[in-house]
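So the structure is just underneath, and the comments pick up after that.
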Amino acid sequence: MTAQSASRTLFFFEKPSAMRQLQRFFKSPTTICVSAEGHLLAAEEPGNVREEWKPWRFDTLPIMLKHIPVTYGTSRSGQSHRPKIEAIKQALQGVERVIIATDPGREGSMIAWEVLEHLGYRGRVDRLKLGALDEVSIRRAFATMAKEPDSGERDYAAYLEALCRQYEDYHLGLNGTRAISLRLRPPAFRQPWRFGGVQTPTLAILADLEKRIRDFVPQDYFKIALAVTADSGAEITLWHAPKDKILDKQVAETIQQAAASWSGPLSVEQKDVRRSPPRLFSKDTLARRCAKRFGWDPQHTAKLAQELYDQGYLTYPRTESEHLPESQTGDASTVIASVVAVLTDLASLVPAAGELVFRKGNKGHYVKDPGEHHAIVPLRKVPQPGSINGDQLRLWELVAKSFLAAHLPDGTDARTTIAVQVATSLGPKRFSVRGSVIKSPGWRAVYGAEADEESETVPGKAKPDEEPTTGRLPSSIQDNEPGKATDTRIETAKTEPPRRITRGELPVVMGHLVDQVEDPTLKAALENPANPNEPKGLGTAATRDTILPKLQKSQYVELLKGKDPPIQVTEVGLAFIAAVRRVFPAYGDPVGRAMFEADLAEIGRASTRAEAIGRATAYQERTRIRVRELITTISQSDAVALDPTYLPTPTGADGKPPTKAMIAFATSIAAQRGLKLPRGLKSNSAICRAFLDQHAPQRSSGPAKDAPQTGSRPPSEAMVRYARSLAEQQAVDCPPDVITDFTACRAFLDEHSPKAQHSQARNRTGTPRGRLPAVRTGNASDGHKRVSVSAKRSADTRIEVPRRTRARTATSGRDDNQMF
C-alpha cells in the first residue's frame, strides 16, 4: 500500500442528493465519496434459512436466531443493491479513514455501519452529524467532528441500539404473529393476527380509550345563570359553573333560589394577561399541526419535511425536541431576515436589531442541551419562486412562521372579570363572567385569525369546560358598584365522552405517553432524567408514523370521517388486545413497554464500544427470554371467540372472490335454512368462508335433523388428507365441513391448492412461469423493502453482538417489523 493510498478518506452518504450538497467542499484528490440508497442489506426470510420454518407450524416455535443471515436488498425499481455494495467495497481499497455522513440518528448510523461491517472494514471511522445542509451548518458539523476524536466510537453505540431494536422487532414479529395467529386467532378470521413490540401497546392505548368511550354514559349537569342590573343601569349575566360539575338538580335549585334574592356589590377585576408563543416543532408536533391545518397524513408531512431538509431549507426533521441550543441564538436575526425576504407581508413585524426575544429554559425555546437533535427550524437558505411545490411551500411557511413567532414579544390581553358572591345554605357560591380584548398582539400578528389554532388540547381527553366568557363587558360597571338580581335560570348540559385520538395526534400520544397516564407513580416512572423535555414513550420519532398503517392493515383499527380522521378500534382489535393481555399482560402494557424502550436507549448512550456491546448482548438475551415465555404462555391458551358478523371486509389480495362451488354451497345453505346471505359474500372469499364456517352442517354417520338436504356425498380419504396437508402448510383452519362434505372439500382445495394460488399470483403480478417473483421481507405493510430470491444466499453475513459482523433486518430502523 502506498503512502498516498494509505491517506485516502471515504465519505459515506445516505443518498446521492446529500452527497451532491457536500461535494463542493472537497478539494483533495484523495477524498472519495460514496452513497447508499437507504439500507443496502436485508434479512432473509425464515423459510430461506431453514426449510422447516417455511410453513406456519406451532411446533417449530420459537424460531430463535442468534445470527440472522442477510442478502442484498433491492431498490424501489427492483434492482439489486449488489453492484452498489461491490462498488463501495472497491472504493474502500486503501482507505484509512471513513467519515459517516448519513442522516444524523440511529437509522443513518446503521445504513453506513451495516455495510462497513459486512465488508469487513477495520480502519478509522468518524461521524459527521449534519443537522442541516446549508453551508454554515455543514462547516459547523466539520468543526464539531474535529473536536470529537471518539465520534465514531459513540456512533457505533447508536448503531448497536438500532441493531438491537431490529433484533427484537424481527423475533417478536416472527414468533408473536405466527403463534397468536395459530393459537389465539378466531377460526373465522382468515388474516394473520400481526404482533409487534411497539404496535401492540399502541393498540392497547387506543383500545383502552375505545372502551372508555363505549362505556361512557352521558350525565346531565347544571349551570346557573344570574342576570344582574348595576346601579348605573348596566345589565350583565353571570354564571355559576364550577369545574366540579353540579350533577344534582336539587343542588342547582337551592343555589338558584338563593341567587334570585341576591343584592350586593359587584367585583370588577382588571389585569393584563401575557400569552407566550407556542413551542417550536418536533417531528410529531409538526405532523399534528399539519393534520389539523391541512388534513395531511403524518407520513406525507414527514416526506415533505425530509425533502426540504435534503434541499437545505429545513433542519433535520426526525427529531423529538422542541428546543434549540442556546449556542444558536446568534443565528436568529440572519435566518429571520431570510424568511421575511420570502414572506414579505411579515417584514414589518420584525423588531429592530438587538430587540429579538430569546426565551430560555424548559418553558422557552432555547436550552443548553436540546438532545440528540434540536427542533425543526428554517435556515438561511430559503426557497425561491418555483423551486418547491405547493405542499412543500405550505410546510416551509408553517415552520418559518413558528420560528419568527418564537422571537417576537408576548401577546398581551386586557382581561376583565366581573363576579359576585351569593350566600347559600350550601356555602358561598361565586357567579362570574370574563371578557378580554387584545391589548398587544405580539407574536400573534404572525398568524392573524389563525393564532387561536396554535393552542393544542391533550389527545384522548374530554374537552375541558371553559370559564364563562362574553365578547365585551359593560365598561360602565365599577368595582364595588351595587347591583341586584333581576332573573335566574338553570341550564342543563350533558357530559361528553373522551375525544378519539386522531390520525395526526397518534405520534404525539406515543411520544408523550405521560399525558395519557393518571397514576402519579406511573407518571413519575415515565420521566426521563437524561432529558426532562423528552419523557419516555413508545417507538422513535423516525418510525411512529408507520404504526397506524400497520394497525389498519391488520384491521385492528379504522379511520372515521374528518379532515384529521379520528381512530376507532374494531371488534377484531379489541379481541386481539384482550387476548394478548390475557396471555402475556406485559405486551399490552404501554407504560411497561416505554420502560423497556428506555433500556434500549441506554445502549446508544454508552460511552465506549465495549460498554455498548455489553448492553446490546444483554438486551438480545432478554429478548430471547421474553420470546420463549411468550410462546410458552400462548401454547397453553385457547382461541378467541369472535362473532363472524364483526369480521371486517378484507382488502387487496385477501379479498379475492370465492369459487363458484363455495358460492353454490353457501346459497344452498341459505335457501334451505331461510338465511340471508351477508353483503359481499359473492365477491369476497373471506366473507363467504366465515358464513360457511358458521352455518355449514357437520355430518356424522346419519344426517342431522336440520341439515340441508343438498345431496352432496362425503369426500374421499385422499381429498381429506390433501386438504389437511394444505391447511397445515398455509397456516389456515380446515373447517369441519371440509371433512364431511364433498362440495365444501372441493371448494377448499380449489382455493388453497398450489396450482390455484400460482394462477392467482400470475393474474396479480404477471410473473412468467418458471420465474420466482421478488419476495417481500418483514411486514408486508412496509411496502418498500424487497429481497430477490436467488440460488446463492449470503448466509455467511450474520447479525451477532458482540461480533462486528452486522446485518439489517427487513425494515431496518423500523419499529415493529412483522415476519409472516
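Taken along its three principal axes, the alpha carbon spread of segment 193-263 comes to 71, 27, 13 Å, from the longest extent down to the shortest. Annotation: lysines with alpha-carbon distance below 28 angstrom to LYS245 (same-chain offsets under eight excluded): LYS211, LYS223, LYS271, LYS429, LYS461, LYS463, LYS484, LYS494, LYS523. Between the entries [x] -0.39, -0.75, -1.32; [y] -0.45, -0.70, -1.07; [z] -0.36, -0.67, -1.15, the label attached to log10 I(q)/I(0) by the Debye sum over Cα atoms at q = 0.05, 0.07, 0.10 Å⁻¹ calculated for this structure is [z]. The convex hull defined by the C-alpha atoms of segment 140-187 has an orientation-averaged projected area of 4.8 nm².
Against the empirical 2.2 N^0.38 Å scaling, what ratio does the C-alpha Rg of segment 484-573 come to?
1.56
Using the empirical formula 2.2 N^0.38 Å as the baseline, the Cα radius of gyration of segment 106-213 reaches a ratio of 1.62.
Of the residues ASP369, ASP733, the one with the largest accessible area comes first in the ranking ASP369, ASP733, computed with a 1.4 Å probe on protein heavy atoms. Projection of the Cα convex hull of segment 36-107, averaged over all directions and equal to a quarter of that hull's surface, yields 7.4 nm². Please state, rounded to one decimal and in Å, the Kirkwood hydrodynamic radius that segment 99-161 gives when every pair of distinct Cα atoms enters the mean of 1/r. Here the Kirkwood hydrodynamic radius works out to 11.9 Å.
So what is the diffusion coefficient of segment 343-493 in µm² per second by Stokes-Einstein at 20 °C and 1.002 mPa s, using a Kirkwood Rh over Cα pairs? After rounding, the answer is 105 µm²/s.
Can you give the calculated 222 nm mean residue ellipticity of the chain, where each DSSP H run of n ≥ 4 adds -39,500 (n - 2.57) and the sum is split over every residue, rounded to the nearest 500 deg cm²/dmol? Rounded to the nearest 500, it is -11500 deg cm²/dmol. Exceedance of the 18 Å cut-off in Cα-Cα distance is limited, within the set LYS660/LYS682; LYS292/LYS561; LYS84/LYS129, to LYS84/LYS129. Kirkwood-based Rg over Rh for segment 261-408 (C-alpha set), two decimals? Here the Rg-to-Rh quotient is 1.10.
Relative protection proxy for 167-174, 22-29, 499-506, from highest mean packing down: 167-174, 499-506, 22-29 (other beta-carbon atoms within 10 angstrom). If R0 is 60 Å, the Cβ-Cβ spacing of LYS147 and HIS695 corresponds to a FRET efficiency of close to 0.20.
When the expected Rg is taken as 2.2 N^0.38 Å, what fraction or multiple of it is the alpha-carbon Rg of segment 505-663? Ratio of Cα Rg to 2.2 N^0.38 Å: 1.30.
Distance between the C-alpha centres of segment 323-367 and segment 389-426: 18 Å, rounded to the whole angstrom. Here's the list of aspartates and glutamates a cross-link from LYS243 could span, going by alpha-carbon distance under 12 Å and ignoring same-chain residues fewer than 8 apart: ASP465, GLU466, GLU467. Taking the DSSP bridge list for the chain and keeping only pairs wholly inside it, about 75 percent are antiparallel. Solvent exposure of segment 166-229, expressed per residue, is 24 Å² of accessible area, with all protein chains present and a 1.4 angstrom probe. Cα centroid separation, segment 470-513 to segment 574-644: 43 Å.
Per-atom-type breakdown for the chain gives carbon and sulfur 50% of the accessible area (1.4 Å probe, protein chains only).
Here is the size of segment 544-584 from its Cα atoms: Rg then Dmax, 11.5, 38 Å. Over the Cα atoms of segment 368-409, each weighted equally, I'd like the Debye log10 I(q)/I(0) at q = 0.13, 0.17, 0.26, 0.28 Å⁻¹, rounded to two decimals. Log-scaled intensity ratios, in q order: -0.36, -0.58, -0.98, -1.04. When only alpha carbons are used to place a centre, segment 536-557 and segment 122-162 end up 29 Å from one another.
Using the Cβ-Cβ distance between PHE25 and GLU611 with R0 set to 35 Å, the FRET efficiency works out to roughly 0.55.
Per the Cα gyration tensor, segment 400-441 maps to an equivalent ellipsoid with semi-axes of 39, 11, 6 Å, ordered largest to smallest. Using label points projected 7 Å from each Cα along Cα→Cβ, tell me how many nm separate ALA87 and THR60, to one decimal. Between ALA87 and THR60, the simple spin-label model gives 3.7 nm.
Label-to-label distance, THR521 versus ALA586, with points set 7 angstrom from Cα along the beta-carbon direction: 1.8 nm.
The values are calculated or read from the model by the stated rules, or taken from the named source; none is laboratory data. Here the structure is a predicted model, which is why all the values come from computation and not from measurement. Heads up, the Cβs are rebuilt from the backbone with ideal geometry, glycines too, and the neighbour counts pull from every protein chain shown. The protein model used for the area step is the full one, side chains on, heavy atoms only, and it has no ligands, DNA or RNA in it. Shrake-Rupley method; radii C 1.70, N 1.55, O 1.52, S 1.80 Å.
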